[in-house]
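Notes to accompany the following structure.
The values are calculated or read from the model by the stated rules, or taken from the named source; none is laboratory data. In this text, all values refer to a predicted model and were calculated from it rather than measured experimentally. Glycine also receives a Cβ, built like all others from the backbone with ideal geometry; neighbour counts cover every protein chain displayed.
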């Protein structure tokens, strides 16, 4: 019994680490721009594909690089490259789709719709370019299996969990301790006064998208290593769920997004283990809806005061 | 005075013209289905515009309400006129079906309006993006619940509605669905327009502009939200019922987040708070869906790209928050209410 609980707990932690990594990206962008970046789940998908192409290229599948490079070097090269390229995609989308609208002073919801459209473009663009065949991610490092109290955990699962905690720590540090983080919080507080104080608004926003998208890329890489089948729609459902998790945690607060991701994962795993996996969405979303009705601004969110 | 009766007359003429065209065989089955789909999209877009446009909330679970209406209307119709292994034999003879069809649609409307409470009640306290998540979760809950109810077929779906429409069309040899969808569109637009521009319904726009100020100015915001959400989801349920009888088959996979996204796109493409904008956008959107079909998968790249471009050049949508009669003020002579 205890073993099952520990095993399910580890599974929940692993699932939660993906949700949290994606939710952190939602949360950063939302915190700064008050924009729900609905394309974020698909940026996660793009991240997984970029990781796939990087890894296969380094393994010598395309013939540019001699095959025979050890797996861990490939991994060490793939991680930063994936994060960099994925953040490039995120920043590019911001530049071509969101910024012009922001400069025109369009209603916030039109930017949200543009984000939704961008997500669909990424999904179906991928489908049209690469075809419907699913890609399988190569094994880079051998799976080592550890035992904790009778439950088994692979090195990859452990890596995902540890990474998500490290990333959370890093982001928390950036946002609360550095000058850039202070600027981000300032933009979130008052977007009109900030440029007057000599803070470059656009650079801060680009930096936010850079951070958020690179986290999505990292999550995509980790996800692809653990569940090595990629398809163009893998990001949609995970992305929506991560968004819901971020809001339940209290969107705009990094701790909220992080905890919300794990909360959703624990709910899902508990429901799947005790009832059945078909009821997973029904019960876990009902509970989340209950939480939001009880605390209308999420677990960590603070109500904003508005002047009339 | 006679000029003001032009709109009803024109609508009747349009309906008669459409029915006439089907009878002489110019509008075939394909064109009819296309027009019906367009009509259903129009109802969906106009009803979502009440919440997303006029009230300024961000509801993204419209497909969920549509699903409730579709399933209720299907089940009521099948229980009454077809019979099903799970529900027993048909209760009424098929001859009564033409009379009972409005009742079936009304059942879809009512059930979806009741499920709208799932969103309306949390909306009393929750605002903005938190409410968006509640609507999103409500959409997921409805879809997931339908997948788990075995009586209505679970994930496989539910069918038998085609027999009702075929039975009706045997009695009356007219394009039954086309007529009802036409009536549905007219009813939706009329209802929404009368509601939003009535003294009672002005509260909806007041909530959009400033919720707190509206409350101070004695708008009962909770009541207003309740009515708006229930009306919007009810009309989505009506669209769902019509959809179920048009296709003859419903399954949870037709009511995914992509369907809600389509509704959202039509509302914002047409312009927030413009009914004619929604109608226009729904028409354009359906035409785009149909004519870009040869592109296959690239269709879903091309349509969002076009919309993103539209947003860049016209960030307030096609009509902004204006109606057709604001653009062409002379049109106001042709109908009675403002």
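So here's what we get for this one:
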item: Unique match (being in contact with a helix residue (DSSP H, G or I) (Cβ under 7 Å, 6 or more places away or on another chain) and closer than 18 Å to residue A:27 by Cα) among A:153, A:141, A:175, A:194; result: A:175
item: Hits in the stretch B:288-311 - residues which are surrounded by fewer than 17 Cβ atoms within 10 Å (Cβ to Cβ), closer than 27 Å to residue A:98 by Cα and modelled with pLDDT of 85 or more; result: B:288, B:292, B:302, B:305, B:306, B:309
item: Pairs where the first residue, in the stretch B:312-329, is more than 10 Å from every other protein chain (Cβ to nearest Cβ) and the second is modelled with pLDDT under 80, C-beta under 6 Å, 6+ apart; result: B:325/B:331; B:325/B:332
item: Candidate set from the stretch B:241-262 (those that are under 10 Å from residue B:62 (Cβ atoms) and buried (at least 24 other Cβ atoms within 10 Å of the Cβ)); member that is farthest from the other protein chains (Cβ to nearest Cβ); result: B:255
item: Qualifying residue in the stretch B:158-176 (condition: at pLDDT below 85 and within 11 Å of another protein chain (Cβ to nearest Cβ)); result: no
item: Positions within the stretch A:53-104 being crowded, with 21+ Cβ neighbours inside 10 Å and more than 30 Å from residue A:203 (Cα to Cα), in sequence order; result: A:55, A:58, A:74
item: Within the stretch B:120-152, considering residues that are more than 24 Å from residue A:268 (Cα to Cα) and more than 10 Å from every other protein chain (Cβ to nearest Cβ), the one modelled with the highest pLDDT; result: B:120
item: Identity of the residue in the stretch B:200-222, within 14 Å of another protein chain (Cβ to nearest Cβ) and part of a loop (DSSP other than H, G, I, E, B), that ends up surrounded by the most Cβ atoms within 10 Å (Cβ to Cβ); result: B:219
item: Residues within the stretch B:45-92 that are away from chain A (no Cβ under 14 Å) and assigned to a loop (DSSP other than H, G, I, E, B), tallied; result: 8
item: Close pairs (9 angstrom Cβ cut-off, 6 or more residues apart or separate chains): within 12 Å of residue A:124 (Cα to Cα) in the stretch A:225-236, assigned to a helix (DSSP H, G or I) and modelled with pLDDT under 85 anywhere; result: A:232/A:130
